[in-house]
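Please read the structure below before turning to the comments.
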Ligand code: SAH
Ligand code: SF4
Ligand code: F3S
């Protein structure tokens, strides 16, 4: 079998794709890089907004055309597969294999079956399954919990991924050991709400540490960098900030989605915190981690959001001074309470507000990134950047950075770099040695690299 896997959606889906790919390889599949080379194409789907659903629809449309011309098995996995909406799409486009996020380990049975195979159960075996470490990667994801016990009124994820299940810490540590042995330098702990780790259905699980203690445990394993996503402000505790400050391997990067700065909107979203409570958590983070890089998610144009509510979001943005933000236009999702009960705002109102928020975000990112000018940052270089002669990677604060290749630092790995220019979205730098001295550039690259590093004007 020649299999090709296409992944949409978030880091959870990337992790799940790796898990399923490992299963496919164990079943003897040859993983290929394109649809044309494959006789099995599997699409890992996202359902969080309308756009990713539209993307899947058009991709499956193309695959159905290919199917009519040659022998091809088409599979659909992930969040959309779990929904009635996704199953209708699967029927329309003649999908052969459909696996919800809790049935991924059924891939073998699905491929053996001679009939259409649909797996939609949330199976416990998944939580004890440890996929092999990815080959040649310095960065890896590690799922510490699945599902979500919250009921934010706009969100489809609790339906697609089911109730929260925290993995046993022994499994997490075993998986971490295998990543360490494979040379992974940075691990991102994944969950829809990592701060609720160990409290499934609101009750403390015996034998599970708190999330703060899990961070301490993971951080003392010898791994160089630990990150995590996502935090729900409702379950955030000061101890998480304390654990981050105490544990050098844990990066000072906090992604704390706020969604809105207006209490009225937060209430309609059923976010279970107020603006004031959120700002208290931000204050705790800033106190324990004065250099923390802060990121958030914001939804604009939630039903009933007034101009005054939106102004509250803008003022909250200024009060926190975020380094970055993922900003979304509200997308009504069938099956969610807000879809059923609330009237969507006109598209123009939503897009106009998004534009204003993007201006605010760019302004803050420019200011926040400028503070790194001249500083030395630890960078995890992945490999070649788009510009010839340079390498790309990211800092402990998740900023993408580009540096020219230097003698003694020609490939992927952890290095030190001095930041020489910043824009709202990027840092540019030069590699430095342990003594802080700039490493000499690779001789044949000097002119091009010097051109590349010209500071871009700040936007
Ligand atoms: N569990 C995570 C978020 C998962 S979804 C958390 O609670 O932080 C990622 C982001 O998508 C959310 O933070 C939210 O900002 C956005 N999102 C979710 N549903 C959405 C919808 N219906 N319309 C627009 N954005 C949405
Ligand atoms: Fe969705 Fe809310 Fe759960 Fe996040 S916490 S996955 S936004 S229901
Ligand atoms: Fe992720 Fe999309 Fe599912 S954001 S959790 S893949 S709905």
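Could you tell me which numbered condition residue 88 fails, if it satisfies all but one of (1) farther than 20 Å from residue 2 by Cα; (2) buried (at least 20 other Cβ atoms within 10 Å of the Cβ)?
All conditions pass for residue 88, except number (2).
Got a number for residues in segment 315-340 being more than 16 Å from ligand 2 (Cβ to nearest atom) and either outside any loop (DSSP other than H, G, I, E, B) or on the phi < 0 side of the Ramachandran plot (or both)? Spell out how you get there, then give the answer.
Keep residues of segment 315-340 that are more than 16 Å from ligand 2 (Cβ to nearest atom), which gives 315-324.
From what's left, either outside any loop (DSSP other than H, G, I, E, B) or on the phi < 0 side of the Ramachandran plot (or both): 315-320, 322-324.
Counting residues in segment 315-340 that are more than 16 Å from ligand 2 (Cβ to nearest atom) and either outside any loop (DSSP other than H, G, I, E, B) or on the phi < 0 side of the Ramachandran plot (or both) gives 9.
So for segment 62-78 (the condition being assigned by TED's automatic domain parsing to the domain that holds residue 15, touching a strand residue (DSSP E or B) at 6+ places or on another chain (Cβ under 9 Å), at pLDDT 95 or above and within 16 Å of ligand 2 (Cβ to nearest atom)), does at least one residue qualify?
yes
Please return the ranges of strands (runs of 3 or more DSSP E) entirely within segment 356-405 where 1 or more residues are outside the structural domain of residue 314 (by TED's automatic domain parsing) and touching a helix residue (DSSP H, G or I) at 6+ places or on another chain (Cβ under 8 Å).
The qualifying strands (runs of 3 or more DSSP E) are 390-395, 400-404.
Output the residues belonging to segment 144-158 that are within 11 Å of ligand 3 (Cβ to nearest atom) and either in contact (Cβ under 8 Å) with a residue 40 or more places away in the chain or not assigned by TED's automatic domain parsing to the domain that holds residue 200 (or both).
Within segment 144-158, 146, 147, 148, 155, 156, 157 meet the criteria.
Of the residues that sit in segment 278-300 and are within 16 Å of ligand 2 (Cβ to nearest atom) and in contact with a helix residue (DSSP H, G or I) (Cβ under 6 Å, 6 or more places away or on another chain), which one is farthest from residue 158 (Cα to Cα)?
Looking at residues that are within 16 Å of ligand 2 (Cβ to nearest atom) and in contact with a helix residue (DSSP H, G or I) (Cβ under 6 Å, 6 or more places away or on another chain), I get 281.
Suppose we keep only residues that are at pLDDT 85 or above and over 27 Å from residue 140 (Cα atoms) within segment 424-451. Which one would you say is surrounded by the most Cβ atoms within 10 Å (Cβ to Cβ)? Write out each step before concluding.
To start, the set of residues in segment 424-451 that are at pLDDT 85 or above comprises 424-441.
Applying the additional criterion that residues be over 27 Å from residue 140 (Cα atoms) yields 435-441.
Details: 435: 5, 436: 9, 437: 9, 438: 14, 439: 19, 440: 12, 441: 22.
Here the residue is 441.
Of the conditions (1) more than 20 Å from residue 338 (Cβ to Cβ); (2) surrounded by fewer than 22 Cβ atoms within 10 Å (Cβ to Cβ); (3) in contact (Cβ under 8 Å) with a residue 12 or more places away in the chain, residue 283 fails just one. Which one is it?
Going through the list (1) more than 20 Å from residue 338 (Cβ to Cβ); (2) surrounded by fewer than 22 Cβ atoms within 10 Å (Cβ to Cβ); (3) in contact (Cβ under 8 Å) with a residue 12 or more places away in the chain, residue 283 breaks only (3).
Identify the single condition in (1) touching a residue at least 60 places away in the same chain (Cβ under 8 Å); (2) at negative phi; (3) surrounded by fewer than 19 Cβ atoms within 10 Å (Cβ to Cβ) that residue 346 does not satisfy, given that it satisfies every other one.
Residue 346 satisfies every listed condition except (1).
Restricted to segment 71-85, and to residues that are surrounded by 24 or more Cβ atoms within 10 Å (Cβ to Cβ) and touching a residue at least 40 places away in the same chain (Cβ under 8 Å), which residue is farthest from the chain's Cα centre (by Cα)?
Among those that are surrounded by 24 or more Cβ atoms within 10 Å (Cβ to Cβ) and touching a residue at least 40 places away in the same chain (Cβ under 8 Å), it is 82.
Here is a check on your reading of the model: is residue 113 surrounded by fewer than 16 Cβ atoms within 10 Å (Cβ to Cβ) and more than 16 Å from ligand 2 (Cβ to nearest atom)?
yes
Hey, does segment 148-168 have a residue that's away from ligand 2 (no atom under 16 Å from the Cβ), surrounded by 20 or more Cβ atoms within 10 Å (Cβ to Cβ) and closer than 17 Å to residue 217 by Cβ?
Yes, the conditions are met somewhere in segment 148-168.
Of the residues in segment 2-22, how many are touching a strand residue (DSSP E or B) at 6+ places or on another chain (Cβ under 7 Å) and either part of a helix (DSSP H, G or I) or more than 10 Å from ligand 3 (Cβ to nearest atom) (or both)?
Initial filter on segment 2-22 (touching a strand residue (DSSP E or B) at 6+ places or on another chain (Cβ under 7 Å)): 2-9, 11-17, 20-21.
When the remaining residues are screened for being either part of a helix (DSSP H, G or I) or more than 10 Å from ligand 3 (Cβ to nearest atom) (or both), the result is 2-6, 11-17, 20-21.
Residues that pass the stated criteria total 14.
Mind listing just one residue for me: the one in segment 171-194 that is more than 16 Å from ligand 3 (Cβ to nearest atom) and closer than 16 Å to residue 146 by Cα and, of those, surrounded by the fewest Cβ atoms within 10 Å (Cβ to Cβ)?
Here the residue is 171.
With in contact with a strand residue (DSSP E or B) (Cβ under 9 Å, 6 or more places away or on another chain) and at pLDDT 95 or above as the only criterion, which of 420, 387 stands out?
420
Going by what's in this entry, would residue 398 be described as closer than 27 Å to residue 226 by Cβ and touching a residue at least 60 places away in the same chain (Cβ under 8 Å)? Let's see the steps before the verdict.
Values: closer than 27 Å to residue 226 by Cβ: yes; touching a residue at least 60 places away in the same chain (Cβ under 8 Å): yes.
Considered against the rule, which asks whether it is closer than 27 Å to residue 226 by Cβ and touching a residue at least 60 places away in the same chain (Cβ under 8 Å), residue 398 comes out as yes.
Report yes if residue 302 is within 16 Å of ligand 3 (Cβ to nearest atom) and either closer than 21 Å to residue 232 by Cα or assigned by TED's automatic domain parsing to the domain that holds residue 161 (or both), otherwise no.
On the way: within 16 Å of ligand 3 (Cβ to nearest atom): no; either closer than 21 Å to residue 232 by Cα or assigned by TED's automatic domain parsing to the domain that holds residue 161 (or both): yes.
When the stated conditions are applied, residue 302 does not pass them.
Pick out the one residue from 383, 374 that is surrounded by fewer than 15 Cβ atoms within 10 Å (Cβ to Cβ) and farther than 24 Å from residue 140 by Cα.
Just a single option satisfies the conditions, and that option is 374.
Go through the residues of segment 3-25 one by one and say whether even a single one is surrounded by fewer than 21 Cβ atoms within 10 Å (Cβ to Cβ) and under 14 Å from residue 95 (Cβ atoms).
Yes, the conditions are met somewhere in segment 3-25.
The values are calculated or read from the model by the stated rules, or taken from the named source; none is laboratory data. All of these numbers come straight from a predicted model, not from anything done at the bench. Positions of Cβ are generated from backbone atoms using ideal geometry, with glycine treated the same way; all protein chains shown enter the neighbour counts.
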